Amino acid sequence: MALYAMGDFHLSFQAEKPMDVFGETWKNHSKKIEKNCKKVLHEDDTLVIAGDHSWGRNLKESEKDLAFIEALPGKKVLLRGNHDMFWEAKKTGWLNELYRDRLFFLQNNYYPYGEYALTGTKGYCYEWKESEEHFFKIRDREAERLRVSLNAAVADGYKKLIIFLHYPPTTIGEMESPFTRMAQEYGVSKVIYAHSHGKDRFGDSFQGMVDGIEYKLVSADFLKFRPERIL
């Protein structure tokens, strides 16, 4: 049994949005994901997919993308990304009922993994596309959602915690954020994130050990579409 992670699948089996417009490495990327997942993962492993699963504008347009994820080996835990229009935050519970025992949607809850609790939320960082007022509003909302996730795990007795985010934990140039401070506060061992894809973005945030916490980028193209072992 092992824990893996990868983000930014950007599937489009129904939305017809090919990713190779973003570079040659994305050509036939879904086949690379499928091949590598089948090569690396076993049925008793767990894969956390750190957001941006589907280009579908709603659940109906994302059904084939989610079916693709469901068919991959192991248990799958999904985190909400900025492009996941099929997933309304208030409908997380409904999605977990709909996909019970097939997929787990991680938001305002946690996923038990042995002695560990897998916690997380979409997160947020500033990308100079909006007003600062709007940024702070969304960031603070996401930070509160992360706290809800962490508190749920702690309330159930978990002491070993891992945080998963879609966005990087810090904005470019920041040395801390509400997400990194919360990781320190709760004694989290690892923070895993995605979103930063394209080689010019790989260095957007922390990687490696920072203040005793391991930060790891798992965007699909950064990993060459091969799941990264976390535990």
* Asked: Among (1) modelled with pLDDT under 95; (2) in contact with a Lys or Arg (Cβ under 8 Å, 6 or more places away or on another chain), where does R57 come up short?
  -> (2)
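Take the residues in the range 68-94 that are without any contact (Cβ under 8 Å) to a residue 12 or more places away in the chain and more than 21 Å from D44 (Cβ to Cβ), then tell me which one is nearest to the chain's Cα centre (by Cα).
In the first step, residues of the range 68-94 are kept if they are without any contact (Cβ under 8 Å) to a residue 12 or more places away in the chain; the result is 71, 88, 90-91, 93-94.
Then keep just the ones that are more than 21 Å from D44 (Cβ to Cβ); that gives 88, 90-91, 93-94.
Details: E88: 16, K90: 18, K91: 17, G93: 18, W94: 19 Å.
Among residues in the range 68-94 that are without any contact (Cβ under 8 Å) to a residue 12 or more places away in the chain and more than 21 Å from D44 (Cβ to Cβ), the one nearest to the chain's Cα centre (by Cα) is E88.
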* If F164 satisfies every condition in (1) surrounded by 24 or more Cβ atoms within 10 Å (Cβ to Cβ); (2) over 15 Å from the mean Cα position of the chain (by Cα) but one, which is the exception? -> (2)
* With the condition kept exactly as written, say whether any residue in the range 12-32 is among the β-branched types (V, I, T) and either in a loop (DSSP other than H, G, I, E, B) or in contact (Cβ under 8 Å) with a residue 40 or more places away in the chain (or both). => yes
* Asked: Of all residues in the range 171-211, how many are within 23 Å of D221 (Cβ to Cβ), touching a residue at least 40 places away in the same chain (Cβ under 8 Å) and among the polar types (S, T, N, Q)?
  -> 2
* Those residues of the range 35-57 which are closer than 28 Å to Y110 by Cβ, surrounded by fewer than 21 Cβ atoms within 10 Å (Cβ to Cβ) and among the charged types (D, E, K, R), in sequence order -> K38, E43, D44, D45
* To do: Within the range 86-107, track down each residue that is at pLDDT 95 or above, assigned to a loop (DSSP other than H, G, I, E, B) and under 22 Å from L146 (Cβ atoms).
  => F86, W87, L103, Q107
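Mind listing just one residue for me: the one in the range 121-136 that is part of a loop (DSSP other than H, G, I, E, B) and loosely packed, with under 11 Cβ neighbours inside 10 Å and, of those, modelled with the highest pLDDT? Steps first, answer last, please.
Quick first cut of the range 121-136, residues part of a loop (DSSP other than H, G, I, E, B) only: 122-131.
Filter once more, keeping what is loosely packed, with under 11 Cβ neighbours inside 10 Å: 128-129, 131.
Working: W128: 91, K129: 90, S131: 95.
Among them, the one singled out is S131.
If a residue must be of a type in the set (S, T, Y) and over 22 Å from R201 (Cβ atoms), how many such residues does the range 96-130 contain? Show your work before the answer.
Taking the range 96-130 first, the residues of a type in the set (S, T, Y) are 99, 110-111, 113, 116, 119, 121, 124, 126.
Still in the list and also over 22 Å from R201 (Cβ atoms): 99, 110-111, 113, 116, 119.
Of the residues in that region, 6 qualify.
Working only within the range 60-74, note down all residues that are part of a helix (DSSP H, G or I) and not charged (D, E, K, R).
S62, L66, A67, F68, I69, A71, listed by residue number.
Any idea which of Y158, Y124, Y110 is farther than 24 Å from S219 by Cβ and of a type in the set (S, T, Y)?
Y158
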* Asked: Which condition number does S196 fail, the rest of (1) farther than 22 Å from R141 by Cα; (2) touching a strand residue (DSSP E or B) at 6+ places or on another chain (Cβ under 6 Å); (3) not in a strand (DSSP E or B) being met?
  -> (1)
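The values are calculated or read from the model by the stated rules, or taken from the named source; none is laboratory data. All values reported here derive from a predicted model rather than from experimental measurement. All Cβ positions, glycine included, derive from the backbone under ideal geometry; neighbour counts span all protein chains shown.
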